[in-house]
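For reference, the structure is listed below as structure tokens.
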Amino acid sequence: MKNVILSFLMLAYCNACSSQEKFKEFIKYFKPINQPIENVLDLTGKDTLNGKFTNDIIIRSQGKKPQYIDKDGKLKTISQYYGLYPEEPDEYLKDVKKKNGNWEEKRFFFYPKVIPIGRIQLNPNFESLIIKVIAYETTFYDLWNFSKAGKALSVVCLFWGMRDGGPLDEKVTFTIVDSKITKEGNIIWHENADGLETFRTYKLNDEGYFQIIKEEQKGESEF
């Protein structure tokens, strides 16, 4: 029985070491960027990440989903603006004009981009990374916070926008979520959900969770 327990502990230890090494390799793609950040949409990068690799590191290998502290001080699991990043190309059809003047429907593929924007320092005890995703119809930016060992603690969607051109044009035409990050590290967050506007200020707490320290709402949803 002791040998079984020892083997289990050794396996868990090896898996933990492997996960930490993969995380260290992962964060090398993220260069330091300074605060304040006035316009998240201006943040861009030339490098891209493999979607499956990214999901394996920050989502699939994690013991539980990231959490946040709500305005009442309660720890809650994040469900909105959270999910797996795209891993495969999207197939779509488009009418193409032939040389004889006729039109035909052709099949194309849109390849999503997962872009490592950079690393900001909100607290020296943690690693805070910004990831940009250009998906089939949306463009969004996520701010993740990890322990030094690679445990995903919390995440905030900094930006979420729609594109009228979808796979044909990367220009964002409608913004749902937008944010600013102050020099002090406060995240000034705004969401317009079909007319219901939510204004929040997030701050990273000492446990590594993004905490809502201020919130107000205006208007009402049209749907």
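The values are calculated or read from the model by the stated rules, or taken from the named source; none is laboratory data. The structure presented is a predicted model; accordingly, all values stated were derived computationally and were not measured. FYI the Cβ positions are ideal-geometry reconstructions off the backbone, even for glycines, and counts take in every protein chain you see. Heads up: the accessible areas ignore ligands, DNA and RNA and are worked out on the full protein's heavy atoms, side chains in. Shrake-Rupley method; radii C 1.70, N 1.55, O 1.52, S 1.80 Å.
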What accessible surface, in Å², does a 1.4 Å probe find on residue 180, ignoring ligands, DNA and RNA and rounding to the nearest 10? 100
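On full extension of the chain, what length is gained from residue 103 through residue 217, given 0.36 nm per residue of separation minus the C-alpha to C-alpha distance?
Taking 0.36 nm per residue and subtracting the Cα distance, the gain is 36.1 nm.
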Karplus ³J(HN,Hα) for segment 138-150 (6.51 cos²θ - 1.76 cosθ + 1.60, θ = phi - 60°; Hz, whole; x = Gly/Pro) runs 10, 10, 8, 10, 10, 10, 9, 10, 10, 6, 4, 7, x
For a quick check, take a GNM of the chain with Cα springs below 10 Å and name the residue from 164, 194, 90 with the largest mean-square fluctuation. 194
With +1 on the Cβ of every Lys and Arg and -1 on the Cβ of every Asp and Glu, and nothing else charged, how large is the dipole of segment 18-167 about its Cα centre, in debye rounded to the nearest 20? 300
Taking amide H positions as placed in the peptide plane 1.01 Å from N, state which residues far from residue 122 in sequence (5 or more) or on other chains have amide H under 5 Å from it. 128
Carbon and sulfur atoms: what percent of the 1.4 Å accessible area of segment 74-170 do they account for? 45
Candidate residues 197, 216, 105: accessible-area rank, largest first, probe 1.4 Å: 105, 216, 197
Rolling a 1.4 angstrom probe over the protein chains, ignoring ligands and nucleic acids, what is the accessible area of residue 220 in square angstrom, nearest 10? 140
Value of [θ]222 nm, deg cm²/dmol, for the chain, DSSP H segments ≥ 4, -39500 (n - 2.57) each, nearest 500: -4500 deg cm²/dmol
With Rg/Rh (Cα atoms, Kirkwood Rh) in mind, check [x] 1.01; [y] 0.99; [z] 1.05 and report the label derived from this structure. [z]
Accessible area per residue for the chain in Å², computed with a 1.4 Å probe and the full protein assembly in place, what is it? 61
Can you tell me the FRET efficiency between residue 41 and residue 74 if r is taken as the Cβ-Cβ distance and R0 is 22 Å, rounded to the nearest 0.05? 0.10
Return one number: the angle in degrees, 0 to 90 and rounded to the nearest 10, between the long axis of the Cα atoms of helix 2-27 and the longest principal axis of the Cα atoms of the chain. 50
For an R0 of 41 angstrom, estimate the FRET efficiency from the Cβ-Cβ distance between residue 94 and residue 18 and round to the nearest 0.05. 0.40
